[in-house]
1. Taking each residue in A:181-188, count the Cβ atoms of any other chain within 10 Å of its Cβ, then average. What number comes out?
2. Using a Förster radius of 60 Å, what is the FRET efficiency between residue B:173 and residue A:132 based on their Cβ-Cβ separation? Nearest 0.05, please.
3. Label-point separation (nm) for residue B:19 and residue A:14, each offset 7 Å from Cα along Cα-to-Cβ?
4. Rounded to the nearest 500 deg cm²/dmol, what is the calculated helix-only ellipticity per residue at 222 nm for chain B, with -39500 (n - 2.57) per DSSP H run of length n ≥ 4?
5. Tell me the Kirkwood radius of region A:10-163: reciprocal of the mean inverse pair distance over distinct alpha-carbon atoms, in Å.
6. Which peptide among B:135-147, A:81-93 comes first, and what is the full order, when sorted by highest mean count of other Cβ atoms within 10 Å?
7. Treating the angle as unsigned and between 0 and 90°, give the value, to the nearest 10°, between the Cα long axis of helix A:187-204 and the longest Cα principal axis of chain A.
8. Would you work out if chain A is rounded, prolate or oblate? Take a ≥ b ≥ c from the square roots of the eigenvalues of the alpha-carbon gyration tensor; rounded if a/c is under 1.5, else prolate when a/b is larger than b/c, oblate otherwise.
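Nothing in this text is a laboratory measurement; each read-out follows from the coordinates by a stated rule. Everything quoted here is computed from the prediction, not taken from an experiment. Virtual Cβ from ideal backbone geometry, glycine too; neighbours counted across all protein chains shown.
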């Protein structure tokens, strides 16, 4: 295997919950020792429900949030050891596309100015070439060059997401964190953005960490998938393996809950009881044990946290999963 | 037996430059007792406004125009005075909305909110209303309903709050339940629970359910019939199996082609080009024509509503018999 572009080792992020009224502020254990790699040109899908820590992973990798512990190496550099100047240089190579194209653009900047910001900050092109470069970037994401003078409110959600992507691409990154990039969009537009991301990856050799709650969307874009639950990766492997023959009971439940738009292909539904638990109260044993339906579930599941071990072409953290 | 007959429903709003726009523009459908009808479409298609109009809750300055008809059990809802209409809301028609956090009163216990609705529709003593409320909370699957009666909305998870909303909707023993994106704000495993619950309640209470959703996956296997909306109009309606097996309208066909699937081969998605136009910019003739892959010259003229085999209807020239 070629050297990974990004390597995350034992990433942990805990923080104190905010409290407006004072009172107790429990520790939120958002990410509890997550490790994975992303190869150049590859897409890793990071999947889970709200509160599972998937977005925190993405933000911590970019040091938009400081980690509690762990290590992230990007293009060979230890990101958490970088001084501010070196971090700024590294960040040019790693960018993020946010979920909500409505709140992630400055409403008082024309979209041309928004896209140009990164070029100016990193002094990537001479001043007189910025305009041309912005037009070229807008073209690359499927927008007209004459839209550069307009403001975000004049654009639809799908167009704003294209602007967000152009803004990320401006600084020539090698790696994009895509944090739920299509979940706020209508299905007809969602497909446009997924195709655009695929085209850009092919043209520029980009790597993506694609964070989403929708397994069908992730299957469309990712070569490998990591499934998160309560701050842990519970299963990781190739897309065929994780979706075709899921080994962790949570992955199986998540898959069976995906609404499939085909009445003849309704699979057996596993309906989990209860809600995803709070990251302020992570169980001592297997994080999924309280909701687990596995027939072999036993006392060990409640007391001993299962480690990731090889299964199929990937890894799974379950005492009772078949290898 | 027919429960609801909607004919030529039209909602008018003041538009730009003193014009009047119709975000709901000539919607007609019927619902049988105990039936689930899904109203499907992307944002801005008018599906939610249609449901608000059924309850006569169109926000001002919008209004339902002359010539629209809404018959519930043969009674003309549009001719009722406001007081009689209040009896219908939460009485014969129950409502569940997308976001349970904003629909519940944050300073009342959830039990009191259910009991309040019970007493609004039945002459019944406070103690009996409380007992009925506890019974309803149990029926919607809230564990320990007597204890949870005292909980405030913020103390419950999103899934439990949505169950409380459903209990409130059931309190008036409705013949029709309108569920507007009831699971959109919920995690996928919780979504599965709520959809199962709605299905179970529909059977045990003999209610008809009008399920409003953007997600064709939610519809499959849940609804008896589907009506697809685009730009303020129903463009296709059919029994669910038939719609999924042989969608007839190019918009419905394009929607299916743009959805990533969890099974089958992964191919490039076929997005619908462009975006859903706003109500003041709907084109003359067929409203889907500018985005339609099969548009022809005659599509500039308003298409007929064609009835196909099995009662499937399609608002498209291509479905019309060739002259």
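1. For this peptide, the per-residue mean of nearby foreign Cβ atoms is 6.
2. With a Förster radius of 60 Å, E is 0.35.
3. 6.1 nm
4. -8500 deg cm²/dmol
5. 18.2 Å is the Kirkwood radius here.
6. B:135-147, A:81-93
7. Helix A:187-204 sits at roughly 70 degrees to that axis.
8. prolate
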